[in-house]
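Participant: Okay, handing you the structure first.
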Amino acid sequence: MASAIDSPVRTAFAPLRSRAFRRYAVGQLPSITCSWAQVVALSAVVVALDPVALAWVVALQFVPTLVLGPWCGALADRFDRRTLLMAAEAGLGLVAAGYAVAAATDRLTLPVIGVLAAAWGIVNAVDTPARRALTPQLVPPVAAPAAAALSGTLMLLGMTLGAALGGLLVPAFGAAIAFGVNALSFLLDVVVLATLRIGKSPRTPRAPRQVRDGLAHVWRTPALRVPVIVLAAVATTTFSYQVSVPTIVQEQLGGGPGAIGAALTAFTAGSLAGTILAAARGRPSRRTTVVATAVVAAGQLLVGVRPDLAFAGLAVAGLGWSVLLITVVAQLQQARPDMLGRVMSVFAVVLLGATVVSGPLAGWLAAVAGATAPFLLGAAAAALTAGSLAGRR
């Protein structure tokens, strides 16, 4: 195996040597793409009904993961992960079909959207840890970090393609078609998952305190605890680009929607480069975490000090962010197999919780100290985190 992945290119694409991972990717890319087309369609519908309600709809989709995440992680350890993921994908497909039917019959009101958004959030809370825990089963252990990186690449490609697809489908055919296409994509993913030929997942019998044991395992294991702390510290202070980027583009650069889109594209392009770099590096290390965190700090600092170079700074920050995120995922996926579902649920809860905090924090900072303040805070926090981690033995 070492000779098969002895170069960066071979390391990056080693997971594709696995038939199971290739099949998994075939199902995932259309599903992610169509899910982001649904995001565009749902946003358009909600904004047309009541722009203020959009924040509540987003919250209904995210809050279940914050509340139920650890328990859903325990489910991923109790049941076969492929079967659980198939059930979750089928559930998300049913919710998408519900959106499609309601939109086609002119019954997609805010109360209906609220119910469907909450249902989506609950099912997604099961989907996330099951998916993250299943990925290492699809490849040999030495290729697991590259598999995490390629999964991140699929996510970014799907987001980009899905935003474009939604932008084409909704104006041309209406939101109902976008929702219906997404429902069909989940059906395809379930069929693909059913064809995977992999061993059964490690299964932990039902017992008391399993959620508490999972949290305690993460805290007692430095190889797991440190990446989680780094992620929480950096994400809480930097992952606010949906708020901070439009603010600095408007206030410092005098740009409109086109400039905001271009700035976010610069961040996404840097992130895509980062996923490829992370895949090529192979097995993660503390040094990778330190360097990635420092790169995030450098990008944030460039934007905060030189707003005229914001696009370059955002690309640098995006590169560092994706490498950091993939490195954290790869490190956590080395947890004990019988704990992996619960460990990955901690990752999901920490990332989502930090995201929920970072947006309002950036908005408040921008209001009281100017548009560059969120970027300067993020630079300081990321630099301190990198320095502290570099100094640990």
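The values are calculated or read from the model by the stated rules, or taken from the named source; none is laboratory data. Please read all numbers here as calculations on a predicted model, not as lab measurements. Glycine gets a Cβ as well: all are built from the backbone with ideal geometry, and neighbour counts include every protein chain shown.
Participant: Could you list, ordered by first residue, the pairs with Cβ atoms under 9 Å in which the first is in segment 368-392 and free of Cβ contacts under 8 Å to residues at least 40 places away in the same chain and under 15 Å from Ala310 (Cα atoms) and the second is of a type in the set (D, E, K, R) and exposed (fewer than 15 other Cβ atoms within 10 Å of the Cβ), at least 6 apart or interchain?
Facilitator: Short answer, once both residue conditions are applied: none.
Participant: Given the criterion closer than 30 Å to Gly254 by Cα, buried (at least 22 other Cβ atoms within 10 Å of the Cβ) and touching a residue at least 24 places away in the same chain (Cβ under 8 Å), identify the matching residue among Leu365, Leu319. Full working, then the answer.
Facilitator: On the way: Leu365 fails: touching a residue at least 24 places away in the same chain (Cβ under 8 Å).
Only one candidate passes the filter, namely Leu319.
Participant: Considering Leu253, Leu314, Leu231, Leu325, which residue is over 30 Å from Leu215 (Cα atoms), out of contact with any Cys (no Cβ under 8 Å at 6 or more places or on another chain), crowded, with 20+ Cβ neighbours inside 10 Å and not assigned by TED's automatic domain parsing to the domain that holds Leu157?
Facilitator: Details: Leu253 fails: crowded, with 20+ Cβ neighbours inside 10 Å; Leu231 fails: over 30 Å from Leu215 (Cα atoms); Leu325 fails: over 30 Å from Leu215 (Cα atoms).
Sole residue among the options that is over 30 Å from Leu215 (Cα atoms), out of contact with any Cys (no Cβ under 8 Å at 6 or more places or on another chain), crowded, with 20+ Cβ neighbours inside 10 Å and not assigned by TED's automatic domain parsing to the domain that holds Leu157: Leu314.
Participant: Answer yes or no as to whether Leu351 is closer than 30 Å to Phe79 by Cα, modelled with pLDDT of 85 or more, within 22 Å of the chain's Cα centre (by Cα) and not hydroxyl-bearing (Ser, Thr, Tyr).
Facilitator: On the way: closer than 30 Å to Phe79 by Cα: yes; modelled with pLDDT of 85 or more: no; within 22 Å of the chain's Cα centre (by Cα): yes; not hydroxyl-bearing (Ser, Thr, Tyr): yes.
Judged against the criteria, Leu351 is not a match.
Participant: May I ask you to list pairs of residues, at least six apart or on different chains, whose Cβ atoms are under 7 Å apart, with the first in segment 330-357 being assigned by TED's automatic domain parsing to the domain that holds Thr275 and the second being assigned to a loop (DSSP other than H, G, I, E, B) and hydroxyl-bearing (Ser, Thr, Tyr)?
Facilitator: These pairs meet every condition: Asp338/Thr204.
Participant: Look at Val67 and say whether it is under 21 Å from Asp189 (Cα atoms) and surrounded by fewer than 18 Cβ atoms within 10 Å (Cβ to Cβ).
Facilitator: On the way: under 21 Å from Asp189 (Cα atoms): no; surrounded by fewer than 18 Cβ atoms within 10 Å (Cβ to Cβ): yes.
No: the conditions fail for Val67.
Participant: Looking for something closer than 27 Å to Pro129 by Cα, of a type in the set (A, V, I, L, M, F, W, C) and at pLDDT 85 or above - is there at least one such residue anywhere in segment 268-287? Talk me through it step by step, then tell me what you get.
Facilitator: Here is the first cut: in segment 268-287, the residues closer than 27 Å to Pro129 by Cα are 268-287.
Subset that is of a type in the set (A, V, I, L, M, F, W, C): 269, 272-273, 276-280.
With at pLDDT 85 or above added as a condition, the list becomes none.
Scanning segment 268-287, I find no residue that is closer than 27 Å to Pro129 by Cα, of a type in the set (A, V, I, L, M, F, W, C) and at pLDDT 85 or above, so the answer is no.
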